Each structure stands twice: as C-alpha cells, then as structure tokens.
Amino acid sequence: MKLGFIGTGSISDAVIRGLLTSDYPVDQVIVSRRGERFSTKLAADFDKVRIEDDNQAILDQADMIFLAVLPQITKDVLSGLTVPTGKKIVSLIATIPIDDMKAWLKTDAQFDRAIPLPPVEHHSCVTAVYPGSPDVMALFDKLGGAVAADTIDAFDGYGTGSALMATYFTLLESAAQWMVAHGSDYGDARRYLAALFSGLAENTNKSPDQSFSELYDGHITAGGLNEQVAQTFLREKGGAAIHTALDEVFARIKRASLK
C-alpha cells in the first residue's frame, strides 16, 4: 500500500509515525513538502517516507490519499487536481463536507473523513471515521481503534467531543497548582495526577461493558471524598458548563460546514 499526504502538519506526522511503527502494510509514504519541518524530519526518520513537491504527483502515485491542509485553503489546493480511477481519499480537514471536496476535485472516488488525534502516534487513541469504508477503518484500527459514525451529525459530535482535550489539561493543571499551594513539588504533583488519570483510563478501557455511571459507582464510597468532589462539581454547574461548551462547539462546526 502506498499512502500519500497532501499537507504535512502535526496530525499527518502522528498518523504516519503511528502507521510506520505498527504492522500495517505500508510500502511507501509520499508526503507533500508543505509543512517542511514535519516532512523533512519524517523523511530523515523513515526510509519509507519520500517528499514530493507536486500534489498531483501524490494523487497519481499513492493508493490512499490523506488530505490535511487548512480548511480555509482547501478549495484552492484541491481545485485543478485530477483524481485517477481507483484512488481512495481520506480527509483529515475539519468542517469541510465530503460533497464540497468531491466537487472541487471533480471525482466520485471513495471518500471518508476522519478525526485522528495526537495519541494515534502511540497507537492509543480511537479515531472517528465517516462514513467508515472498511479499508479506512482497518487502517485506523492499527492506530488504537476506530468508530464509524452513522450520520454526519454523529461524526460532528465526535469532533465536538475531541475539543475536550484542552479541558482535560486545564483540569490537571488547576489540580496541580492547588497541590503546589499546599506544599507539593510541581513535578511530583504532575507525576501523581498523570498516573492517577492514566490508571483510571486503563480501568475504563478494561471495563468496556460498564457505562461511565457504573464506573463512577465503582470508584466512590457513599459519603466519601470522591463523591464529595463530584457532587461539588455538579453543584457548581460544572456539568452544565461542559454541555454549554459542547453545544457551542457543535454549532460552530455546523456553521463552518455551511460556508
């Protein structure tokens, strides 16, 4: 399998590194020079990576092509390119509908959208895919797993959920600073909290049949400290704030997809 990447930024970098350190059958990865800091380093690190200056050449030579340019320049980049018969395209571009990209490329090729996140480099993140072509799902399964969205609204919901990453780090930083204010060394507090949340994530992954609510019940003692913090979070409208933030992000994604 020859893979091509039009646009070589941090997400392309994570996907390529993840695939080339997995058992996915990659013969060659052709990357665009754009995003030279990433493309040059990838070519230096992996013999299977080759830099190509011409986007049309990437389309001509690769079997599966990943689009990973900025949304605001997508039309300019894609217009004028020709998609040879039999190519498979995966867009990693936020908000741009498949129908728009097909129109700009003048193609009816197999087309999927995907939302890989940085941990795919380490095969430790599930990727949302729409509509979920079997070969695209199989590729992302090698990077930590994949889920196929049945509708574009469901896919945009996954995209909205991914916007919680910064909130996660904000929560940990806030907790670490509180611990420092009460005498902890920052490095020790960071190590402790990172291990705590990593352990919780591991327990969650090992209990796929349990809902988050059931896991909540298994990690508290009635009237205990964990329950107290969770209930204070809800009392102070933490849950409502998350719902409001997700509603606003979802609306922003929908507005952008209509432009």
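Just a few scattered comments:
- Projected onto planes of every orientation and averaged, the convex hull of the alpha-carbon atoms in the stretch 1-149 covers 7.5 nm².
- Solvent-accessible area, 1.4 Å probe, carbon plus sulfur percent, for the chain: 55 percent
- Model label points for Ala251 and Ser22, set 7 angstrom from Cα along the Cα-to-Cβ axis, are 3.6 nm apart.
- For the chain, calculated [θ]222 nm from helices alone, where every DSSP H run of n ≥ 4 adds -39500 (n - 2.57): -16000 deg cm²/dmol
- Residue-wise HN-Hα couplings along the stretch 24-40, as the Karplus relation 6.51 cos²θ - 1.76 cosθ + 1.60 with θ = phi - 60° gives them from phi, are 5, x, 10, 8, 7, 10, 9, 10, 6, 5, 4, x, 4, 4, 7, 4, 5 Hz; Gly and Pro carry x.
- Shape category assigned to the stretch 109-255 from the gyration tensor of Cα positions, a/c cut at 1.5: prolate
- Length added when fully stretched, Lys237-Ile98, from 0.36 nm per residue minus Cα-Cα: 46.3 nm
- Estimated Rh, the stretch 81-144: Kirkwood, alpha-carbon pairs, angstrom: 12.5 Å
- Amide H contacts of Ser91: Leu67, Asp112, Arg113, Ala114, each under 5 Å away and 5 or more positions distant or on a separate chain (H built 1.01 Å from N in the peptide plane; Pro and chain starts excluded).
- Residue-normalised accessible area of the chain, given per residue in Å² at a 1.4 Å probe: 57 Å²
- Within straight-line cross-link reach of Lys48, lysines at Cα separation under 24 Å, skipping those fewer than 8 residues along the same chain: Lys2, Lys87, Lys88, Lys142
- Anisotropy class of the stretch 31-71 from Cα gyration tensor, a/c 1.5 cut: oblate
- Quotient of Cα Rg and 2.2 N^0.38 Å for the chain, N being how many residues it contains: 1.16
- Long-range amide H partners of Ala146 with built H, under 5 Å: Thr127
- Prolate/oblate/rounded label for the stretch 177-229 (Cα gyration tensor, a/c 1.5): oblate
- Straight-line cross-link reach from Lys254 at under 22 Å between alpha-carbon atoms covers these lysines, not counting any fewer than eight positions away in the same chain: Lys75, Lys102.
- Value of relative contact order over the chain, rounded to a whole percent, pairs C-alpha under 8 Å and six or more apart: 14 percent
The values are calculated or read from the model by the stated rules, or taken from the named source; none is laboratory data. What you see is a predicted model, and the numbers here were worked out from it, not measured in a lab. Using ideal geometry, Cβ is built from the backbone for each residue, glycine included, and neighbour counts are taken over all protein chains shown. For the accessible areas, the whole protein counts, side chains as well, though only heavy atoms, and no ligand, DNA or RNA atoms are used. Shrake-Rupley method; radii C 1.70, N 1.55, O 1.52, S 1.80 Å.
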